[in-house]
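Worksheet: the structure to be examined is printed underneath.
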Amino acid sequence: MRFLNIALGCLSIALLAPACSGKGGSSPPPPPYEDAGTCTNDEECPSGTRCAEERCVAASCMDGIRNGSETDIDCGGALCPPCADTKACTESTDCASKHCGDGACIPATHDDNIQNSDETDVDCGGSAVLNGSTAPRCEVGQGCVTNDDCDALACDVGNTNLCLPPSHSDGVKNLDETGIDCGGPSVSTRCPPGQGCKGDSDCDHVLCDVGGTNLCLEPSSSDKIQNGTETDVDCGGGAPTNAPRCDWNFKCQADSDCTSNACLSGRCLTGPSCKVQDGGHTCGLNGNEECCRSLPVTNYPQVNGQTVYLDKYEITAGRMRAFINAVVTSQGGNPNGPVTQNDQYYDVKSYMAAHRPARWNMQWEAVLPSAYYDNQPAVVYQIKNPTPTPAQSDPLGLYGYLYPGPDVVPGKLYNLDASPMTVGSLSIYPGIFETFGEQDFFPEYTADSAYGATHNLNCSNAAGSYGFGTYWLPAGGNINRGFPQADMDSRALNCTTNAMFAAFCAWDGGQLVTEDVMTYVVGGTTWSPSAGGGSGYTCTGATCRIGAPGADCNGYNLKSDSAGACTALPPYEGNGTTTDDSGRIFPPGSIAADVVRIVNTDEGWYDLKGNLLEMVVSADDRFAYNGYGIGYASITHHRGQVVTARFKEGSTGARCMRLK
């Protein structure tokens, strides 16, 4: 009878509850609600269950009565949420702390040998503060949810969710690293900007803000390190580092990285003229040195706070060609195209008008080429008597003290009588072909004195002339070069005007060497503005470093007269003709003995004694020369021409000086 009553009781209860346990009370329906996940409200739970503490539980777990398998009111047992601390329990699973003792739930601690609270493993991980502290981080192989749970700060999140061994590639700062996988004594990888550091050695080519942020700083153009976009230490490159341009011989990637605007093979050149091979890198005893190389002038006073440098070698024909080609290119022409199609682009005068350097004279500019041939507009100038002073000179450079008149010239020109000159307006047409060819630019000399303009010129290739101009030109007139262009480009340049030398040096980043600097380096001068020969061409000065000229061709490429050549010297090159003897002018630096040093430790400047007499600019912007070379005695008859911007001869060349 009792069995029947129990059965009927269960049956009646079944009408109200989905199930009846063997212990009495009700139980929720079977899964899937036990695996249904979390919930936020009752509607998300299966029938017969409710949402409690974000999980679906039996409805009886929320009736305010201890019933069913509950160990305390609405908690514990197999079906209800675990109980809070101090609530009744029979086993650890009844408790939220997973710790039951003496019939009550014991509060979780971080040393109870149980994974509880928000610990990710036994007594480790998580962020809960218990008894005033958080759990220690977990060791390798223990459970974790984030990197912060692990002692090595490396959790295999989303995979094993176990703490990984520390490494220098785990994406976290650990071991002896100063930043994430970088810095520290045992890490090969240096830290980028923004990562932690203890010293500069922890950072990847940047400085460490030691004692400040203790972070690696951003690249800077003043940190004495090559970093950021720099091509060398604190120079070169563009944004975002924006370092200044690099000086000579520093590393570069483009012309814009260099103060010289010339980068070749990853190195900043001294000047853009040396971007060419022939005449740019064919100087020196072995014929392989940069021809633009410039050396500081030992103990010479600074100029405007800058050190004076003098080029080691004379200007080569190839470097001058680089200048002319640059002018043509800048004006939209093609230097490798037919001259007839590019004639107007050889306008050196306009180029210099747009790029005038700090030291410049309009009387130099006036006689520069404005086209390739002499079909350019005439340069009309005036010869006056007396010769104007600098203050009386034309601002546009068409008359003045660089156009000396009869009061200056007599006695300073070969076979010149007392009044041989035309006074008034005269015209010249100094195209490129004429400026580097056989043409002279002194029409003011009368027929009686015309030989004074051509004597010692030696720039023609007429039969029997043995002319020795070194700038290669296509055949025309009395120009018929007997050597290939590459050969001639390597030689020291002659047969061009003082104005062209001055323009070239300005474009190449310097200026034509001054008379003062050259006299200082040589220790004297061979220039005398007065008439006469003999001692007038011997270097004067107690410390003259080039001495007297000595016998012709005696170990130096020099001759008192321009007739003949130093054929016994190894650099001499003949071609068996009477028209082109330019082989008598050597590539710069070919003679080992022809070197000048101010002190014994100087690298030294070559060809200051022989090869070519070298033009210099005087304090009043007139010109002079120094040294010997081919025809050093013959040139003394042309002092009235030497001072002008129009003067040129086969005997004369030049070199540049620079300030930095």
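The values are calculated or read from the model by the stated rules, or taken from the named source; none is laboratory data. Being a predicted model, the structure only gives us computed values, none of them experimental. We place every Cβ from the backbone using ideal geometry, glycine too, and count neighbours over all the protein chains shown. Each accessible area value is taken on the protein alone, full model and side chains, heavy atoms only, with ligands, DNA and RNA left out. Shrake-Rupley method; radii C 1.70, N 1.55, O 1.52, S 1.80 Å.
A 1.4 Å probe over all protein chains sorts 517, 408 by accessible area into 408, 517, starting with the largest. Name the residues of the stretch 456-480 whose amide N is less than 18 Å from a point 7 angstrom out from the Cα of residue 563 along the C-beta direction? Within reach of a label on residue 563: 456-460, 462-468. Largest first, the three principal axis extents of the alpha carbons in the stretch 191-344 are 67, 43, 34 Å in whole numbers. Is the stretch 90-212 best put as rounded, prolate or oblate by its Cα gyration tensor, with a ≥ b ≥ c the root eigenvalues, rounded for a/c under 1.5, and otherwise prolate when a/b is larger than b/c, oblate when not? Prolate, since a/c reaches 1.5 and a/b exceeds b/c. Between residue 525 and residues 5 or more places away or on another chain, which pairs have amide H atoms under 5 Å apart, with H built 1.01 Å from N, and which residues are they? When sequence neighbours closer than 5 places are left aside, the close amide H contacts are 540.
Simple spin-label estimate for residue 396 and residue 176 gives 7.9 nm between the two label positions (7 Å along the Cα-to-Cβ direction from each Cα). Remark: the stretch 68-147 carries a charge dipole of roughly 160 debye about the Cα centre, counting +1 on each Lys and Arg Cβ and -1 on each Asp and Glu Cβ. Rg of the Cα atoms in the stretch 143-247, relative to 2.2 N^0.38 Å, amounts to 1.33. Each residue of the stretch 282-291 was assigned a 3J(HN,Hα) from its phi angle through the Karplus curve 6.51 cos²θ - 1.76 cosθ + 1.60 (θ = phi - 60°); the sequence is 10, 9, x, 4, 9, x, 9, 9, 5, 6 Hz, with glycine and proline shown as x. Could you list log10 I(q)/I(0) for the stretch 538-593 at q = 0.15, 0.18, 0.24 Å⁻¹, which the Debye formula gives when each Cα is one point scatterer? Log10 I(q)/I(0), no solvent term: -0.50, -0.68, -1.03. Computed across the chain, the Kirkwood radius stands at 32.3 Å (inverse of mean 1/r, all Cα pairs). In terms of Cα to Cα distance under 15 Å, which aspartates and glutamates are near enough to residue 87, apart from those fewer than 8 places away along the same chain? Within the straight-line cut-off, residue 87 pairs with 70, 72, 74, 102. Heavy-atom accessible area for residue 65, with the other protein chains in place and a 1.4 Å probe, reaches approximately 90 Å².
Available extension along the chain between residue 463 and residue 54 is 136.0 nm, counting 0.36 nm per residue and deducting the alpha carbon span. The alpha carbon radius of gyration of the stretch 478-615, expressed as a multiple of 2.2 N^0.38 Å, is 1.12.
Once a ≥ b ≥ c are taken as the square roots of the eigenvalues of the Cα gyration tensor of the stretch 600-640, is the result rounded (a/c under 1.5), prolate (a/b larger than b/c) or oblate (a/b not larger than b/c)? Verdict is oblate for the stretch 600-640.
Label sites at residue 475 and residue 378, each approximated as a point 7 angstrom past Cα along Cα to Cβ, lie 3.2 nm apart. Computed from the Kirkwood radius of its Cα pairs, the Stokes-Einstein diffusion coefficient for the stretch 78-135 at 37 °C and 0.692 mPa s stands at 289 µm²/s. Ordering 100, 115, 126 by the projection of their Cα atoms onto the charge dipole of the stretch 35-129, which places +1 on the Cβ of Lys and Arg and -1 on the Cβ of Asp and Glu, puts 100 at the extreme positive end. Summarising the amide proton neighbourhood of residue 559: residues at separation of 5 or more, or on other chains, whose placed amide H is nearer than 5 Å comprise 629, 630, 631, 632. Each DSSP beta bridge with both residues in the chain is either parallel or antiparallel, and the antiparallel ones are about 85%. If r is the Cβ-Cβ distance from residue 42 to residue 93 and R0 is 30 Å, what FRET efficiency results, to the nearest 0.05? It comes out at approximately 0.75. Scaled against 2.2 N^0.38 Å for its residue count N, the alpha carbon radius of gyration of the stretch 591-660 is 1.21.
Once C-alpha pairs closer than 8 Å and six or more residues apart are averaged by separation and normalised to the residue number of the stretch 87-234, the relative contact order reads 9 percent. Straightening the chain between residue 423 and residue 307 buys 37.4 nm, computed as 0.36 nm per residue apart minus the Cα-Cα spacing. Here residue 62 and residue 113 are evaluated by their C-beta separation; at R0 = 35 Å the FRET efficiency comes out at 0.60.
With K and R counted +1 and D and E -1, the other residues having a Cβ less than 13 Å from that of residue 650 yield a net charge of -2.
Only lysines eight or more places from residue 609 in sequence, or on another chain, were considered; those with a Cα closer than 21 Å are 312, 559, 648. Using the 1.4 Å probe convention, the accessible area of the chain works out to 43 Å² per residue with neighbouring protein chains retained.
Amide H to amide H, with H built 1.01 Å from N, residue 189 comes under 5 Å of 183, counting only residues 5 or more places away or on other chains. Every helix of 4 or more DSSP H residues in the chain counts as -39500 (n - 2.57), and over all residues that averages to -3000 deg cm²/dmol at 222 nm.
State whether the stretch 339-419 is rounded, prolate or oblate according to the following rule on the C-alpha gyration tensor (a ≥ b ≥ c being the square roots of its eigenvalues): a/c under 1.5 gives rounded; otherwise a/b larger than b/c gives prolate, and the remaining case gives oblate. It comes out oblate by the Cα gyration axes. Report the Cα centroid-to-centroid distance between the stretch 555-569 and the stretch 273-289 in angstrom, as an integer. Cα centres, the stretch 555-569 to the stretch 273-289: 23 Å. Here the relative contact order of the stretch 528-660, from alpha carbon pairs under 8 Å that lie six or more residues apart, stands at 26 percent.
Placing R0 at 60 angstrom, the Cβ-Cβ distance between residue 86 and residue 156 gives a FRET efficiency of 0.95 after rounding to 0.05. The stretch 103-143 and the stretch 617-659 have Cα centres spaced 95 Å apart. Between the stretch 398-455 and the stretch 332-396, what's the alpha-carbon centroid distance in Å? One Cα centre to the other: 18 Å. Phi-derived couplings, Karplus 6.51 cos²θ - 1.76 cosθ + 1.60 at θ = phi - 60°, listed residue by residue for the stretch 339-347: 4, 4, 8, 10, 3, 6, 7, 8, 9 Hz, with x used for Gly and Pro. For the chain, the relative contact order comes to 8 percent (Cα pairs under 8 Å, sequence separation of at least 6). In this rough spin-label picture, where each label sits 7 Å from Cα along the Cβ direction, the residue 78-residue 218 distance is 6.7 nm.
The length gained on full extension between residue 239 and residue 385, counted as 0.36 nm times the residue separation minus their Cα-Cα distance, comes to 46.6 nm. When the Cα positions of 339, 205, 219 are compared along the charge dipole of the chain, 339 comes out farthest toward the positive end, with charges on each C-beta of Lys, Arg, Asp and Glu. Long hydrophobic helices in the chain, taken as whole DSSP H segments with a C-alpha length of 15 Å or more on their own axis and mean Kyte-Doolittle hydropathy at least 0.5: 2-16, 317-330. Carbon-plus-sulfur accessible fraction, the chain (probe radius 1.4 Å, protein heavy atoms only): 51%.
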